[in-house]
Ligand SMILES: NC(=O)c1ccc[n+]([C@@H]2O[C@H](COP(=O)([O-])OP(=O)(O)OC[C@H]3O[C@@H](n4cnc5c(N)ncnc54)[C@H](OP(=O)(O)O)[C@@H]3O)[C@@H](O)[C@H]2O)c1
């Protein structure tokens, strides 16, 4: 699957990829470019982001994939590890992208120790859960205007998660193996809620487990880190992980589907732990409070241009 669908005529779609400077996000950006999208990378470090941008632009230029590569890949420097920083990232995205057709929430973190941000929130709770929540709200007018597809890169490990609204936000229940799953579960619980919110606005959102992929995720020192490094030699490449993500972003076969969870390309029902509507409502209310957002009515449909 190189091109997931036949190229549409101009204008090119604009796709935003958070954590696009390495790992699965970088491979997703490369595939989106191959499929004719203009890509906006979000990276927290300017130098790493610029290196990735230049590399992607060079590859796109060399492949001659519709226009000069440099013009087709832009960089937004933005950190997602705090509410203030994530809001600034959203502002920068609004300035850079008057139009967003695809938003890929890919940035993710598997923490080995409890680190709190400037608000006292555990960092992976913010990066994996709260930042996508905030971006979805802050970018909602732009997403609605274009009838965007939002793809949430999830993790099959969500089934091992225990989302505790009293303790998970501040990492009081921190565990170096389980907190990643806890925060991925918090995030996944809200995907159907966003689908419901956007159902009359032409915006879709789906979550996808990209596979077990050889990236820097969860890298750490010590004996566990050594074992992990050895195990990763057998895992699949980032490009393999990018395929199901890009399929949800572009393929006609999944057009109009929303609020679903995919294990690679296969749609799966959510495990009971992620289908708890009461917990989802608690997390939604909490996320509004933590991000300082108002509860607003769902957006209305725009005429998609
Ligand atoms: N690899 C797997 O087997 C696997 C399996 C299931 C799901 N996933 C999911 O796939 C997604 C991508 O992970 P990956 O495996 O490609 O991991 P990765 O190689 O560690 O890449 C993670 C990306 O997220 C970015 N990021 C981390 N913290 C950030 C922050 N505070 N602000 C902005 N960006 C931040 C990183 O930026 P820096 O380069 O600056 O650190 C990097 O670009 C994650 O959501 C992960 O949960 C991966």
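Assorted remarks:
- Pairs linking a residue in the range 12-26 that is over 22 Å from residue 87 (Cα atoms) and free of Cβ contacts under 8 Å to residues at least 40 places away in the same chain to a residue that is more than 7 Å from the ligand (Cβ to nearest atom) and part of a loop (DSSP other than H, G, I, E, B), with Cβ atoms under 7 Å and 6 or more positions apart or on different chains, do not occur.
- Remark: pairs (first residue in the range 78-95, within 11 Å of residue 134 (Cβ to Cβ); second residue at pLDDT below 95 and within 12 Å of the ligand (Cβ to nearest atom); Cβ separation under 9 Å; 6+ apart in sequence or on different chains) are absent.
- Unmet criterion (only one of (1) farther than 22 Å from residue 176 by Cβ; (2) within 16 Å of the chain's Cα centre (by Cα)) for residue 110: (1)
- Residues within the range 11-55 that are on the phi > 0 side of the Ramachandran plot, within 13 Å of the ligand (Cβ to nearest atom) and not in a helix (DSSP H, G or I), tallied: 1
- Residues of the range 93-121 satisfying the condition of being within 12 Å of the ligand (Cβ to nearest atom) and either part of a strand (DSSP E or B) or in contact with a strand residue (DSSP E or B) (Cβ under 6 Å, 6 or more places away or on another chain) (or both): 104, 105, 106, 107
- Given (1) assigned to a helix (DSSP H, G or I); (2) surrounded by fewer than 20 Cβ atoms within 10 Å (Cβ to Cβ), number of the condition residue 220 does not satisfy: (1)
- Residue list for the range 159-192, filter: surrounded by 22 or more Cβ atoms within 10 Å (Cβ to Cβ), farther than 17 Å from residue 112 by Cα and over 15 Å from the mean Cα position of the chain (by Cα): 163
- Contact map, the range 220-241: first residue farther than 23 Å from residue 31 by Cβ, second residue assigned to a helix (DSSP H, G or I), Cβ cut-off under 8 Å, separation 6 or more or different chains; pairs are 220/228.
Table: residues versus (1) surrounded by 13 or more Cβ atoms within 10 Å (Cβ to Cβ); (2) in contact (Cβ under 8 Å) with a residue 24 or more places away in the chain; (3) in a loop (DSSP other than H, G, I, E, B).
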site	(1), (2), (3)
256	no, yes, yes
262	yes, yes, no
273	yes, yes, no
284	yes, yes, no
289	no, no, no
301	yes, yes, yes
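The values are calculated or read from the model by the stated rules, or taken from the named source; none is laboratory data. The shown structure was predicted, so the numbers you read here are calculated from the model rather than taken from an experiment. A quick note on method: Cβ atoms are made from the backbone with ideal geometry, for glycine too, and the neighbour counts reach across all protein chains shown.
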